[in-house]
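The values are calculated or read from the model by the stated rules, or taken from the named source; none is laboratory data. Not measured: the values here are computed from a predicted model. Note that each Cβ is placed from the backbone with ideal geometry, even for glycine, and that neighbours are counted across all protein chains shown.
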Amino acid sequence: MKYLGIDYGMRKTGLAVGDSTAAVAVPFDVIAGGKETIPRVLEIVKSEGIEAFVVGLPIPTNASQNEDQLLRVVAFVKALGEASGLLVSVVDEQFSSTEARRIRSEYGGTAGEDAIAAMLILQAFFDEGATNYVVGTQN
């Protein structure tokens, strides 16, 4: 099954692709965030043969953290599932952006940090097993 990993943001959204057979994620692109994301993702679904999504969920690590981003991502996950009719799974994305900056700094390359963060999210999904984080249903 071909997956699109998503690191959703209001300004920009990182994307990664991978398939469950190889269980390897690679950075794909960085696109506009916010309300522009779902229409662009649906185009990518068609052009790349995407069959399911994995979205990073920003679970707060302590009570002092703002939950606004978590609520925005939950709303995005629901809207993406409804708009696409595809399975949407979530993975705790804790520290994915920090790790993406470290990887980019250490190894360089042309992939944007948000695409690297999406790759880390999708790879975590592959490493942990596809059934551990499923939310929503496939239409």
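Candidates are the residues of region 81-95 that are modelled with pLDDT of 90 or more and not in a helix (DSSP H, G or I); the one that is surrounded by the fewest Cβ atoms within 10 Å (Cβ to Cβ) is GLY85.
The set of residues from region 13-24 being modelled with pLDDT of 95 or more and either farther than 18 Å from PRO58 by Cβ or among the charged types (D, E, K, R) (or both) comprises VAL17, GLY18.
Among the residues making up region 15-43, none is under 18 Å from LEU71 (Cα atoms) and touching an Asp or Glu at 6+ places or on another chain (Cβ under 7 Å). More than 16 Å from the chain's Cα centre (by Cα) and either outside any helix (DSSP H, G or I) or at pLDDT 85 or above (or both) - does that describe any residue in region 96-103? Within region 96-103, not a single residue is more than 16 Å from the chain's Cα centre (by Cα) and either outside any helix (DSSP H, G or I) or at pLDDT 85 or above (or both). For region 9-29, give me each residue that is over 16 Å from GLU128 (Cβ atoms), within 11 Å of the chain's Cα centre (by Cα) and of a type in the set (A, V, I, L, M). Those that are over 16 Å from GLU128 (Cβ atoms), within 11 Å of the chain's Cα centre (by Cα) and of a type in the set (A, V, I, L, M): LEU15, VAL17.
If the condition is being within 16 Å of ALA75 (Cβ to Cβ) and in contact (Cβ under 8 Å) with a residue 24 or more places away in the chain, then region 8-36 contributes TYR8, GLY9, MET10, THR13, GLY33, GLY34.
When region 116-136 is limited to residues that are assigned to a loop (DSSP other than H, G, I, E, B) and touching a strand residue (DSSP E or B) at 6+ places or on another chain (Cβ under 7 Å), the one that is modelled with the highest pLDDT turns out to be GLY136.
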